[in-house]
1. Roughly how compact is the range 74-124, stated as its Cα Rg over 2.2 N^0.38 Å to two decimals?
2. Can you give the Rg and Dmax of the range 72-202 based on its C-alpha atoms, in angstrom?
3. What list of ³J(HN,Hα) couplings, whole Hz, do you get for the range 149-166 from phi and the Karplus terms 6.51, -1.76, 1.60, once you set θ to phi - 60° and write x for glycine and proline?
4. For residue 113 and residue 167, compute 0.36 nm times the residue count separating them, minus their Cα-Cα distance, and round to one decimal in nm.
5. Using Cβ counts within 10 Å as a stand-in for footprinting exposure, how do 182, 143 rank, fewest first?
6. What FRET efficiency comes out for residue 129 versus residue 74 if R0 is 25 angstrom and r is the Cβ-Cβ distance? Round to the nearest 0.05.
7. Which one of 124, 97, 139 has its Cα pushed farthest toward the positive end of the charge dipole of the range 82-141, where Lys and Arg give +1 and Asp and Glu give -1 at the Cβ?
8. Sort 165, 113 so that the residue with the fewest other Cβ atoms within 10 Å of its own Cβ comes first and the one with the most comes last.
Amino acid sequence: MPDPLLDPPTWAPAWLPTVDDVRGARLLRWLVTAVFVAGVAACVTVGANSPADPELGPVAAETTPSTPAGGLAERFGTVVAQLVAASGEVLELCLLHADTAEERATGLMQVTDLEGHDGMLFSMEEPRQGSFYMYRTLLPLTIGWWDAEGAFVSRADMVPCESDDEAACERYPAAGPFRFAIEVVQGDPLAARFEPGARLQVGSEACAVPA
């Protein structure tokens, strides 16, 4: 039975909203408003916990010093190592030590003098398969790779890359998985010991070259 107080009269046009329609519209508006307010509050909370937007400024001129300030030993640290050549000859080495991701990425870039060290040792956290390249490296180098047990993997002679685009630089891959790599200046007698049968033992102590 129609309700004379709530239902529209029979003569009312069909498009005239009913009380239920009005109530529904009011409820919908209330829900939309509540969701909007909650969303704004959430955005404000998240924004307050985020770091400030970076401030853009002029780009500084690029500088490429030939030797890092403070010396290579201070920058990378050093480590003792023993290389047993295939002939049985034992060589005691004092190496610069690149044992973090940042140090390994830098390596001997822009270096023109190893400051008396026998070379640079790259130590990986665990064995990996990969390659090296000579972007922004000024000295021609010989590299030797050894596995986690100290067994020789392979070697390569590497030439400086003259391109400003590192992607264009030649890659020098190891012949197999390695954990250690040693770079020396090409022509150094030590490079001749980077050969099958050579074994590497890396120590835990730092070293110093004679003044």
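1. The reported ratio for this selection is 1.23.
2. Answer for the range 72-202, Rg first and Dmax second: 13.6, 43 Å.
3. 8, x, 7, 5, 9, 5, 9, 7, 8, 10, 10, x, 8, 8, 7, 7, 9, 4
4. 16.9 nm
5. Lowest count first: 143, 182.
6. 0.20
7. 139
8. Going from least to most buried by this count: 165, 113.
Values in this text are rule-based calculations from the coordinates and carry no lab data. In this text the structure is predicted, and so the values were computed from the model without any measurement. In this analysis, Cβ positions are derived from the backbone assuming ideal geometry, glycine residues included, and neighbour counts consider all displayed protein chains.
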